[in-house]
Amino acid sequence: MQLGALVPLGDIGGEPSVVRDYAQAVEAMGYDFLEAPDHVLGVNAASRADWDMSRNTSKDLFHDPFVLFGFLAGCTRKLGFSTGVLILPQRQTVLVAKQAASLDVLCGGRFRLGIGVGWNEVEFVGLNENFRNRGRRSEEQVQVMQALWKQDHVTFNGRYHTIDDAGINPRPPSGHVPIWFGGHHDATLPRIAKWGDGWMPNAYPPDHTALEVIGKLHALTRAEGREPAAIGIEVWTSCGTGTPADWRKEVAFWKSAGASHICLTTTFNRRHHHRITGHAAADHLAALRAYRDAVADAL
């Protein structure tokens, strides 16, 4: 399995030297990839008395992932990058295809495009996109992007997109940018089975519920004429609680379940995940070092 880490921008800040030093330290430790979340707009919680404060607000820092990874590509040598996840249907499809292709070229193919459909209607309104059809529209978005990456020129007449014999340049040298779906909606697994390179769930603890849903994904993948081994699975884990022995046990579970990637988050504090107590960059890096030391030979 590959081991990655979610960049804790909300704790450490987003200054150039901070994110550069953090990424270089993660790479030096032996982590395989760095993952970044995505939000364009955050609400002013002071004007929304009923706002769920476990959700993000305007006080939470999110760098644009393409800009962040474009910067870090020049500061690292082999560290992979992944969005976790980019909210695809609040963006123009062709522009995302162009941005992803450019990043793929500039980082030497080290990028995975993790996508999701989002939950915050405020962002969709602000970006002039339809919140109500975001799931259905995302299916067509994936098909449009995959065509643009593969073909010099594309003609596409769909429900939401029209392209008249045009293409992007540059295109990824492989003709492909890996698309990994996030989310746990009933429609997510069929989409992965048809078009995805991987799945990025974070809702399932290491138990039978995870095994059952992974089995369902495998069955759907076979029904689409694809091999389950072609679909990667990235799970999230945390180290805010437990012992090194507990962490190793969890890694062993996910490996036996067929996970290909595991992402350590030091700030996520929902469901069965628990953040670390510290907030400084040194606290996060110490947690990453302790976790990798504990699980490296079990990956």
Exercise for the section: Would you check which residues across the range 115-141 are aliphatic (A, V, I, L, M) and either within 21 Å of Gly158 (Cβ to Cβ) or touching a Pro at 6+ places or on another chain (Cβ under 7 Å) (or both) and list them? Expected result: Ile115, Val117, Leu127
Exercise for the section: May I ask you to list the residues in the range 254-287 that are farther than 28 Å from Ala230 by Cβ, of a type in the set (A, V, I, L, M, F, W, C) and in contact with a helix residue (DSSP H, G or I) (Cβ under 6 Å, 6 or more places away or on another chain)? Expected result: Ile276, Ala281, Leu285
Handout entry: Members of the range 1-58 found to be without any contact (Cβ under 8 Å) to a residue 12 or more places away in the chain and assigned to a helix (DSSP H, G or I), listed by number
Key = Ser17, Ala28, Ala46, Ser47
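Would you please name the residue that is surrounded by the fewest Cβ atoms within 10 Å (Cβ to Cβ), looking only at residues in the range 48-60 that are in contact with a Gly (Cβ under 8 Å, 6 or more places away or on another chain) and under 18 Å from Arg275 (Cβ atoms)?
Our first condition is that a residue be in contact with a Gly (Cβ under 8 Å, 6 or more places away or on another chain); within the range 48-60, this holds for 56-60.
Now drop any that are not under 18 Å from Arg275 (Cβ atoms), which leaves 56-57, 59-60.
Numbers: Asn56: 19, Thr57: 15, Lys59: 10, Asp60: 12.
Checking each candidate, the answer is Lys59.
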Handout entry: Within the range 182-195, tally of residues that are within 24 Å of Phe268 (Cβ to Cβ) and either part of a helix (DSSP H, G or I) or without any contact (Cβ under 8 Å) to a residue 40 or more places away in the chain (or both)
Key = 6
Problem - Contacts under 7 angstrom Cβ, first residue in the range 204-216 being under 16 Å from Gly183 (Cβ atoms), partner assigned to a helix (DSSP H, G or I) and at pLDDT 95 or above, 6 or more apart - result: Tyr204/Ala210; Tyr204/Val213; Ala210/Ala257; Ile214/Ala257; Lys216/Leu189
Handout entry: Condition met for Trp254 (assigned to a helix (DSSP H, G or I) and of a type in the set (Phe, Trp, Tyr))
Key = yes
Problem - Any hit, the range 90-109, residues being closer than 23 Å to Leu285 by Cβ, touching a residue at least 12 places away in the same chain (Cβ under 8 Å) and not polar (S, T, N, Q) - result: yes
Completion exercise
Within the range 134-181, the count of residues that are touching a helix residue (DSSP H, G or I) at 6+ places or on another chain (Cβ under 8 Å), assigned to a loop (DSSP other than H, G, I, E, B) and under 18 Å from Val117 (Cα atoms) comes to 3
Fill in the blank from the handout: The residue that is surrounded by the most Cβ atoms within 10 Å (Cβ to Cβ), considering only those in the range 123-151 that are in contact with a Leu (Cβ under 6 Å, 6 or more places away or on another chain) and of a type outside the set (Gly, Ala, Ser), is Gln141
Completion exercise
Checked against (1) among the β-branched types (Val, Ile, Thr); (2) crowded, with 18+ Cβ neighbours inside 10 Å; (3) closer than 22 Å to Gly198 by Cα, Val154 satisfies every condition except (3)
Completion exercise
Note: among Phe66, Phe71, Phe81, Phe62, just one is farther than 12 Å from Asp38 by Cβ, out of contact with any strand residue (DSSP E or B) (no Cβ under 6 Å at 6 or more places or on another chain) and among the aromatic types (Phe, Trp, Tyr), namely Phe71
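Any residue that is surrounded by fewer than 18 Cβ atoms within 10 Å (Cβ to Cβ) and not aliphatic (A, V, I, L, M) - is there at least one of those in the range 78-88?
First pass over the range 78-88, keeping only residues surrounded by fewer than 18 Cβ atoms within 10 Å (Cβ to Cβ): 78.
Still in the list and also not aliphatic (A, V, I, L, M): 78.
Yes.
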Practice task
Assess whether Gly108 counts as being under 23 Å from Gly183 (Cβ atoms) and of a type in the set (Gly, Ala, Ser).
Solution key: no
Fill in the blank from the handout: Exception for Ala45 within (1) of a type in the set (Gly, Ala, Ser); (2) over 22 Å from Leu127 (Cα atoms); (3) surrounded by fewer than 21 Cβ atoms within 10 Å (Cβ to Cβ) falls at (2)
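The values are calculated or read from the model by the stated rules, or taken from the named source; none is laboratory data. Computed from a predicted structure; not experimentally measured. With ideal geometry, Cβ positions are generated from the backbone for all residues, glycine too; neighbour counts draw on all protein chains shown.
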